[in-house]
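Supplied in structure tokens, the structure appears directly below.
Any read-out appearing in this document is the output of simple, stated calculations on the displayed coordinates, not a laboratory observation. Here the structure is a predicted model, which is why all the values come from computation and not from measurement. Reconstructed Cβ throughout: ideal geometry from the backbone, glycine too, with neighbour counts over all protein chains shown.
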Amino acid sequence: MLQALLWDVDGTLAETERDGHRVAFNRAFEALGLPWRWDAQEYGDLLRVTGGLERITAYMATRADAPAAPAQRAALARELHRLKNQHYGAMAAAGAIALRPGVSDLIEAAHRAGWRQAIATTTSRANVQSLLRHHFGASWQCRFDAVVCGEDVAAKKPAPEVYLRVLDALGLAPAAALAIEDSPAGVAAAHGAGVPVLVTRSAYFGADGFDAAAAVGPGLHTCRLWRPAPVDAPARDGPLRLQDLIAWHAAAVAA
Ligand code: XBP
Ligand code: MG
């Protein structure tokens, strides 16, 4: 039986990658006088590396104008990541990063129904806090029974550790939960932990296959264009309902 929703953050709750982290990285480059700039398309390729610190470190390995000495390069990566998170926090706090349509309603519906909910993300805790405090207020943590972030794990997604830690915190078996993700790395992480997963397609992963997912669709705000389709979807319009999630989860667990 479905007892908990496990939410990914970046790409799932909001288009944080394109509209938040990317922009904030560019501001950090500018602040340090670096000529590097990431446009939306290049950033999509860079997302193959999960974790902001890991991403900038991997990027520097491709740049002739990055510091050659490993210690200097690592220090620059840390400083850029710190500055990036500072800019990201300011943007999130100012409301510059909107939640994706349907996200808030589904979180509230699950909360009212007494479902347990958790955050399972590879982003830094400070970033999660700034985004959710802005959208759900100072008491945002009341909606989530566990919040596991990038700092809490030794191996980020696609490793399953973040999901295993959330399950442990909730005291639940994997089959009692449903993950909501947007990326191949996120789906692999949930799948690796044995958690059925729903994919809400985001800006950067619109064309990926997601064979391991219980259902794949364009967003939580609509019951249209989901595969498989919600049971009575042809006869209705509007957002996904908790019943749709229950049905997909049951089918995934039975498969
Ligand atoms: C996605 C990530 C994150 C962000 C950047 O996380 O890989 O690393 O791109 O955040 P998820 P940080 O989809 O699991 O939420 O710079 O804080 O790592
Ligand atoms: Mg994501």
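Would you list Val231, Val187 from fewest to most Cβ contacts within 10 Å?
By the 10 Å Cβ count, ascending: Val231, Val187.
I need the shape label for the range 107-185. Rule: rounded when a/c is under 1.5, else prolate if a/b > b/c, else oblate, with a, b, c from the alpha carbon gyration tensor.
It comes out oblate by the Cα gyration axes.
Could you work out the local net charge near Thr12, counting Lys and Arg as +1, Asp and Glu as -1, over the other residues with Cβ closer than 11 Å to its Cβ?
In short, -4.
Per-residue ellipticity at 222 nm for the chain, helices alone: DSSP H runs ≥ 4 residues times -39500 (n - 2.57), over residue total, nearest 500 deg cm²/dmol?
-12500 deg cm²/dmol
When only C-alpha pairs under 8 Å and at least 6 residues apart count, what is the relative contact order of the range 117-252, in percent?
Across the range 117-252, relative contact order equals 16 percent.
Also, I was wondering about something else. Before anything else, pin down the relative contact order of the chain: Cα pairs under 8 Å, at least 6 apart, normalised by residue count, whole percent.
The normalised contact order for the chain reaches 22 percent.
For the range 1-77, what D do you get in µm² per second when you plug the Kirkwood radius from alpha-carbon pairs into Stokes-Einstein at 20 °C and 1.002 mPa s?
Answer from the Stokes-Einstein relation: 153 µm²/s.
Taking θ as phi - 60°, what are the ³J(HN,Hα) couplings along the range 53-60 by the Karplus curve (6.51, -1.76, 1.60), each to the nearest whole Hz, with x for Gly and Pro?
5, 5, 5, 5, 5, 5, 5, 4
Here's something else I'd like to know. Debye sum, Cα scatterers, the range 112-242, no solvent: what log₁₀ I/I(0) at q = 0.09, 0.11 1/Å?
So the normalised log intensities work out to -0.27, -0.41.
On to the next question. Pulled fully out, how much extra length does the chain show between Ser139 and Ile246, if you take 0.36 nm times their separation in residues and subtract their Cα-Cα distance?
On the way: separation 107, 0.36 × 107 = 38.52 nm, distance 2.72 nm.
Length gained, Ser139 through Ile246: 35.8 nm.
Kindly express, to the nearest 10 degrees and within the range 0 to 90, the angle between helix 125-136's C-alpha long axis and the longest C-alpha principal axis of the chain.
50
Quick check: the distance between the Cα centres of the range 1-67 and the range 206-235, to the nearest angstrom?
So the separation of the two Cα centres works out to 27 Å.
Shifting gears a bit: Which angle from 0 to 90°, rounded to the nearest 10, does the C-alpha axis of helix 161-170 make with the longest principal axis of the chain?
The answer is roughly 50 degrees.
I've got another one for you. Which shape class applies to the range 1-136: rounded if a/c is under 1.5, otherwise prolate when a/b exceeds b/c and oblate if not, where a ≥ b ≥ c are the square roots of the Cα gyration tensor eigenvalues?
The shape class here is prolate.
By how many degrees, 0 to 90 and rounded to 10, does the Cα axis of helix 70-93 deviate from the longest principal axis of the chain?
50
For the range 53-119, restrict the atom set to alpha-carbon positions and state the Rg and Dmax in Å.
Here Rg and the maximum Cα pair distance are 18.7, 55 Å.
Also: Quick one: if you take sqrt(5λ) for each eigenvalue of the C-alpha gyration tensor of the chain, what semi-axes come out, biggest first, whole angstrom?
32, 18, 18
Computed on alpha carbon atoms, what radius of gyration and Dmax characterise the range 63-163, expressed in Å?
Cα-based Rg and Dmax for the range 63-163 come out at 16.8, 55 Å.
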